[in-house]
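Data first, discussion second: the structure below is written as structure tokens.
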Ligand SMILES: [Zn+2]
């Protein structure tokens, strides 16, 4: 068995969520009637002149800063020349020599947040999207839709720092979470607003020289990317182990067959004949502008996950969910700050019952009546045993419906647990008298019957006994029973 190092680098395209396109005022919107939002500029008709969308540059800088890049204060746009039916002007305005953002890194959290890894970046440059070629199943013809032509993009180019499917998946999730948090893209892979090309090669363990790489183009989802990587590592391993040579190819991953299909054999390097875009000036950015954008960036997803884990002692999964749904994350923090209840318990309620009810109603937390103050009060009632956990669920449902004190709900619905010692003792005595086997087993040292006994008492009290008091009483009776014999 040979051992290999897996070397993976990614190019991730992220469409920027600006109102208009990169170089014209056409609407930047997914879908729509084919060719309903395109003009002579995004089609590159002779005699037209592009204009730079300032917002797109601002978003790209924001993304670059969040990925720890240096921003070039003078940046140039270049023409990348190639012919394709969905690119009528035969070039894309991209960046070659002086990209907007250089170096930088994206930190990914691995091992349930116990480890982290820096994935270094080569650059983040700005680009415009091409149109879409549509192969019709109906009439077998090929159509072109230019609605996507000229949509602003950034391309995040990593160094080959990744080495397995989990790292690729985490890297893509980190980019997605970061871009969503910045508000620069919706990152919908199913709509193509985030797309990834994955380059993979294998080399004998420890070898310096890189192996021949293959590129998997345009994977459709983050999970597909992970599966495609697994398939490709396996495929290259098999070739190398049987003494073969990996051929440099472009692959397309198929979800249906869970396999990578060769889309193109690269026998020559594509020559794009880059040159400076003559219709657009160099972009000058001041340090003040950069700092202004930097100051608009809030806490980033991974920082939030790590903080939730350390500050509130939450497990990674909870911290991740509360980061992902920032409304719930904010509500959690608001409640945790005013309450003495263990933060993990608060997270359990928000991610459990509260989320379940919201899902059922298909609504957001903001439109429910639940306040941090009321959730806190309800949780404290459980903590001091005035109500049971089950009663808490009923109360939460009510608190989400109307602005009402949790104590009042408990009173109205008769949910308070009884702490009446006389009543509890009577019930305990009656239960033990009816179930003599409990005392017998307890005397034989089977102390776990205590739980069963308390449960039986609880049934008689219809769940409304204070379990802590009840447990003390039953235990006392059982111990006395032993002594009196
Ligand atoms: Zn246009």
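Take every pair of alpha-carbon atoms less than 8 Å apart whose residues are at least six positions apart; their mean separation over the length of region 218-261 yields a relative contact order of 42 percent.
The Cα-based radius of gyration of region 120-169, divided by its Kirkwood radius, gives an Rg/Rh of 1.21. The calculated pair-distance distribution of region 407-469 uses every alpha carbon pair, bins of 10 angstrom beginning at 0, and gives 21, 46, 24, 8, 2 percent.
Give the shape of region 129-251 as rounded, prolate or oblate, defined through the alpha-carbon gyration tensor: a ≥ b ≥ c are the square roots of its eigenvalues, a/c under 1.5 means rounded, and otherwise the shape is prolate if a/b is larger than b/c and oblate if not. Here region 129-251 falls in the oblate category. Summarising the strand pairing of the chain, around 95 percent of its internal DSSP beta bridges are antiparallel. Principal axis extents of the C-alpha atoms in region 246-405 (largest first, rounded to whole Å): 76, 52, 30.
Measuring spread by the Cα atoms of region 231-296 yields a radius of gyration and Dmax of 22.0, 58 Å.
Per 20 Å bin, what is the whole-percent P(r) computed from every C-alpha pair distance within the chain? Using 20 Å bins, I get a P(r) of 19, 39, 25, 14, 3, 0 for the chain. Helix 467-484: angle to the longest alpha-carbon principal axis of the chain, degrees 0 to 90, nearest 10? Once rounded, the angle reads 40 degrees. Nearest 10 degrees, 0 to 90: what angle lies between the long axis of helix 54-66 and the longest principal axis of the chain (Cα atoms)? Value to nearest ten degrees: 60. Decide, for region 45-167, between rounded, prolate and oblate: order the square roots of the alpha carbon gyration tensor eigenvalues as a ≥ b ≥ c, take rounded if a/c falls under 1.5, and otherwise choose prolate if a/b is larger than b/c, else oblate. Oblate, because a/c is 1.5 or more while a/b does not exceed b/c.
Please state the shape class of region 235-340: rounded when a/c is under 1.5, otherwise prolate if a/b exceeds b/c and oblate if not, all from the C-alpha gyration tensor.
It is oblate, given that a/c is not under 1.5 and a/b is not larger than b/c.
The fewest-to-most ranking of 84, 274 by surrounding Cβ atoms within 10 Å reads 84, 274. Calculated over region 269-309, the projected area of the Cα convex hull averaged across directions stands at 6.6 nm². Across region 343-485, Cα-Cα distances exceeding 20 Å account for 55% of all pairs. Sorted into 10 angstrom bins from 0, the C-alpha pair distances of region 32-75 split as 22, 31, 29, 18 percent.
Quote the relative contact order of the chain in percent (integer), defining contacts as alpha-carbon pairs under 8 Å separated by 6+ residues.
Averaging sequence separation for qualifying contacts and normalising by length gives 14 percent for the chain.
For region 409-445 versus region 155-170, the inter-centroid distance based on Cα atoms is 59 Å.
No value in this document is a laboratory result; all are computed from the given coordinates. None of the values given here were measured: they were computed from a predicted structure. Cβ: placed from backbone, ideal geometry, glycine included. Neighbour counts: every protein chain shown.
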